[in-house]
1. Roughly how big is the range 32-180's charge dipole about its Cα centre, with Cβ charges of +1 (Lys, Arg) and -1 (Asp, Glu), in debye to the nearest 20?
2. May I ask you to compute the full-extension gain from Glu157 to Val25, defined as 0.36 nm times their residue separation minus their alpha-carbon distance, rounded to one decimal in nm?
3. Computed over the Cα atoms, what is the radius of gyration of the range 32-180 divided by 2.2 N^0.38 Å, N being its residue count?
4. Please arrange Val104, Val25 by counting, for each residue, the other beta carbons lying within 10 Å of its beta carbon, fewest first.
5. Explain nothing, just the number: relative contact order of the range 32-180, from Cα pairs under 8 Å at least 6 residues apart, as a whole percent.
6. Can you find, among Val167, Ala108, Leu97, the residue sitting farthest towards the positive end of the charge dipole of the range 32-180, where Lys and Arg contribute +1 and Asp and Glu -1 at Cβ?
7. From the backbone phi of the range 152-157, what are the Karplus-calculated ³J(HN,Hα) couplings (6.51 cos²θ - 1.76 cosθ + 1.60, θ = phi - 60°) in whole Hz, Gly and Pro given as x?
8. Once both labels are modelled 7 Å past Cα along the beta-carbon direction, what's the Leu142-Leu180 spacing in nm?
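Since every read-out is calculated from the coordinates, none of them should be taken as a lab result. Treat the numbers as computed from the prediction; the structure is a model and nothing was measured. Because the Cβ atoms are built from the backbone with ideal geometry, glycine has one as well, and the counts that use them run over all protein chains shown.
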Amino acid sequence: MHRENYDGISGLRYLWKPEDKQATVTPGDRWVNYNVFTVKLATSGYNDGYFMFGFFCLREALETKKESREAEFEKHIRPSFLERSAIDANELLNYDLTAAAKWVIIGASHMYRLENSVFGDDLQRGIAVHTEFWDGNPGFSLGRWRTWWGRFKCFAEEPYVKEEVRVLCREAIDAIADALFAKVD
């Protein structure tokens with residue numbers, strides 16, 4: 001499920017009204033909650049296919065340069081009925097990083113173990129997209145996990161990332177390391 005196709009869940013990704021930001025549960029909170037629910041469902045053994053949503057969440061959050069993210073944000077604001085969104089690209093990034101970190105903290109060991117089996121044969125084209133930070137093999141791979149580890153490490157030091165999100169990024173760094181270097185009994 002791509003976020004932009006599910007505006008009801010993701011809260012109209014770019015078009016926050018001022019009252020959205022003041023709500024008890026913001027559109028960004030709904031997006032994070034949806035991802036936490038989905039990763040918990042996936043790790044419960046219900047259906048390994050749900051891990052593909054984690055892949056797309058991680059790819060979007062971690063494999064886009066700041067400038068491209070800002071340009072994408074502006075592209076969606078301009079044609080809207082709102083003059084400005086109540087949030088900016090950096091605030092949106094904080095929600096995306098939170099969702100991505102939760103996928104890793106809760107599900108990295110499962111995703112790493114299952115590798116590309118979560119996609120099935122029909123989805124190979126969808127995961128073969130090259131991004132600004134990845135030009136290697138499609139889907140989950142050791143190299144991609146290392147790239148994501150490095151991106152979380154970068155975001156854990158960025159001043160435009162909220163402190164609580166930087167903490168989650170550091171937890172995600174540890175979760176990736178644990179998944180990659182898990183001891184086998």
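1. Working: 18 positive and 23 negative charges, 27 e Å.
Using only the charged Cβ atoms, the result is roughly 120 debye.
2. Working: separation 132, 0.36 × 132 = 47.52 nm, distance 2.71 nm.
Once the chain is fully extended between Glu157 and Val25, it gains 44.8 nm.
3. Values: Rg = 15.4 Å, N = 149, 2.2 N^0.38 = 14.7 Å.
Normalised Cα radius of gyration, the range 32-180: 1.05.
4. On the way: Val104 30, Val25 11.
Least crowded to most crowded, the residues run Val25, Val104.
5. Details: 156 pairs, mean separation 45.0, N = 149.
With pairs under 8 Å counted, the relative contact order is 30 percent.
6. Comparing the listed Cα positions along the dipole, Ala108 ranks first.
7. Taking θ as phi minus 60°, the curve returns 4, 4, 4, 5, 5, 10 Hz for the range 152-157.
8. 1.0
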